[in-house]
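Take a look at the structure set out below.
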Protein chains: 2
Amino acid sequence: MKATLILAAALLAAPALAQQAEAPAAPSPGEIVSAAPLSEWMAIAPEDLLVMDLAPDARGKARRVVIQLMPPPFSQPWVANIRTLAKAQWWDGLAIVRSQDNYVVQWGDPDGEDAAKAKALPKGMQPTSESDYVAPWAVAALAPPPAGVTFDARALPDPFARQAGVHKGWAIADNALEAWPVHCYGSVGVGRGMSPDAGTGAELYSVIGHAPRHLDRNIAVVGRVIEGIEHLSTLPRGTGPLGFYETPEERTGIAAIRLGSDVEGLPAYQYLSTESDTFARYAEARANRRDPFFIVLAGGADVCNIPVPMRQVPASEG
Amino acid sequence: MKATLILAAALLAAPALAQQAEAPAAPSPGEIVSAAPLSEWMAIAPEDLLVMDLAPDARGKARRVVIQLMPPPFSQPWVANIRTLAKAQWWDGLAIVRSQDNYVVQWGDPDGEDAAKAKALPKGMQPTSESDYVAPWAVAALAPPPAGVTFDARALPDPFARQAGVHKGWAIADNALEAWPVHCYGSVGVGRGMSPDAGTGAELYSVIGHAPRHLDRNIAVVGRVIEGIEHLSTLPRGTGPLGFYETPEERTGIAAIRLGSDVEGLPAYQYLSTESDTFARYAEARANRRDPFFIVLAGGADVCNIPVPMRQVPASEG
């Protein structure tokens, strides 16, 4: 209840309401997630995390962005390259080069366009191909959702694909033969040139606006920001075409990008199993908000409106 | 072509590509809009604009946000109140009170919760009712789209409604009997307490993330930001619950909010008629990106992925 009441109270003063006796209210999506048993929280291996430390902000405050890398079967050539680049400390000293409102923040080598000045890539980079924007995928027969849940986030109507759903921890769309990870708020993808260039993974972006689903199958999605996206989404927008910064001074420096397994003292992160009963109830509650603030149930949601819950493992459970 | 080539070049160096002879490329959505005849650009009356001047930024730079108010039949009691509040200069000296990542930035009276300290509303405020979140709406028979256009942005499948579409200049969803303006990136809505409180219009928010469509029919949508949203979307996120700022120092002050008709020297603004041939082609190109960067056509789009093009009237046409 707490979050809902704060919302109500803070949106507009309504002090009398808090004193009314009310029937027990339906829980909010957040309250449902808070009650998940420990067994439903899935560990994210530190080697599946990419940790980006930006230069401190104007007040000297640290800015860390934590990204979860895409698991197989998706985008693995780029993910392998991202691991190689992080191990080589390749991004250290490079910069955020672009911030376009309601679209993406992008980082990499500011001199990447200039063959004479571009930073050399490390050894061991794999070739990439646009054929890997998708993966073979036969959607397995789905177990029915738990009793009382009528909304199934694993099989949603979708204007950009045959269907979309949240499966195995990720938002995925498919056309019955192939599937692909979709661009939602916070998704991380791979910048590229014109086809057939598929990008190496050295130039990355994060979505900071409404899901740009038209990029699906046109660019590799390699992960998602699970913490610290505000350090990207609040960056000043670039004033050049497509939100590129026009001067070096406008860019934000990258102090270091490392795999989570190479970062000392990194907290443990978990995501809520998308195959769990709690996730099914959470998704149903996102699509049909019965908590007290709401009046009309939407009766549905799009795949990007059901973000997979994430958390740092509380110290009490560590 | 320019924007696409810049995108490609800047994403990753591919200098050879620019020298290849290419077949004439399909235009991008932006290029289609640029070629619209003047007759398809619709004037926005200055009295239908709300101009918010924030306190200058840390470097002393002005921050202006221009909002287009919702036309009839939607949300008119709140829009009337917003005009009354602007005429009374009621917001001047108040503040941005909340910035929640991937959700909303909200402004109004920081003391609104405290009945003893809350700023009195001006005379002439109208009562509001949640019954006005929707309006009676019989979707008229639609003229067929122009030749060669197979995608119709006026009638889209939608997970949150019977259908959604871009009609008469706005993104609207309906259930065949009633219709309502939807929450997209940049939409402006009215904060409220618990039902049946429907908010007065004194507390407003703008969407700065993925469309929170679950708010549709639960809150009044009263307009949309047409210029300057970056001054809201880049504000530091609040660290309190729901992104509220925890101290007055964190808030951004509002210097003034006025109707456009009371702002000297305001440029003229226009939107592209959503009933125009150019809009139909633009929407089709959003759903099926044939410009050179893209490989796979999505074959569809959601209603918030087809923003209505806006512009300042160029001086040469003024």
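Only the coordinates and a few stated rules stand behind these numbers; no lab work does. Predicted model only: the values in this text are computed from it and were never measured. Cβ: placed from backbone, ideal geometry, glycine included. Neighbour counts: every protein chain shown.
Observations, loosely collected:
- Taking A:232, A:94, A:121, A:156 and counting other C-beta atoms within 10 Å, the order from fewest to most: A:121, A:94, A:156, A:232
- Principal-axis analysis of the Cα atoms of chain B puts helix B:2-11 at an angle of about 80° to the longest axis.
- Close amide H contacts of residue B:163 (hydrogens built in the peptide plane, cut-off under 5 Å, sequence separation of 5 or more or a different chain): B:174.
- Chain A: most fluctuating residue of A:255, A:116, A:202 per GNM, C-alpha cutoff 10 Å: A:116
- Straight-line cross-link partners of residue A:87 among the lysines, defined as a Cα under 18 Å from its Cα and at least 8 positions apart when in the same chain: A:119, A:123.
- 5 Å binning of all Cα-Cα separations within segment A:44-272, expressed as whole percents from 0 upward: 1, 6, 14, 18, 19, 17, 11, 7, 4, 2, 1, 0, 0
- Of the three principal axes defined by the Cα atoms of segment B:74-200, the extents in descending order read 60, 31, 27 Å.
- For residue A:144, inter-copy label distances in nm, listed shortest first [label point 7 Å out on the Cα-Cβ vector]: 4.6
- Selected from B:208, B:219, B:32 as most flexible by GNM, with chain B as the system and alpha-carbon contacts under 10 Å: B:32
- Distances between copies of residue A:46, taken at a point 7 Å out from Cα along the Cα→Cβ vector and listed shortest first: 6.3 nm.
- Using a 7 Å projection from Cα along Cα-to-Cβ, the label point at residue A:59 is separated from the same position in the remaining copies by 2.0 nm, smallest value first.
- The ranking of A:229, B:226, A:82 from fewest to most other beta carbons within 10 Å of each one's beta carbon is B:226, A:229, A:82.
- Around residue B:57: net Lys/Arg minus Asp/Glu count, Cβ-Cβ under 13 Å: +3
- From largest to smallest, the equivalent ellipsoid semi-axes obtained for the protein assembly as shown from the alpha-carbon gyration tensor read 36, 30, 26 Å.
- Expected 222 nm ellipticity per residue - DSSP helices of 4 or more, -39500 (n - 2.57), all of chain B, to 500: -3500 deg cm²/dmol
- Largest GNM mean-square fluctuation among B:149, B:66, B:51, using chain B with Cα springs under 10 Å: B:149.
- The Cα atoms of segment A:169-318 cover 49, 41, 35 Å along the three principal axes, with the biggest extent listed first.
- Cα-based shape type of segment A:186-228, given that a ≥ b ≥ c are square roots of the gyration tensor eigenvalues and the cut on a/c is 1.5: oblate
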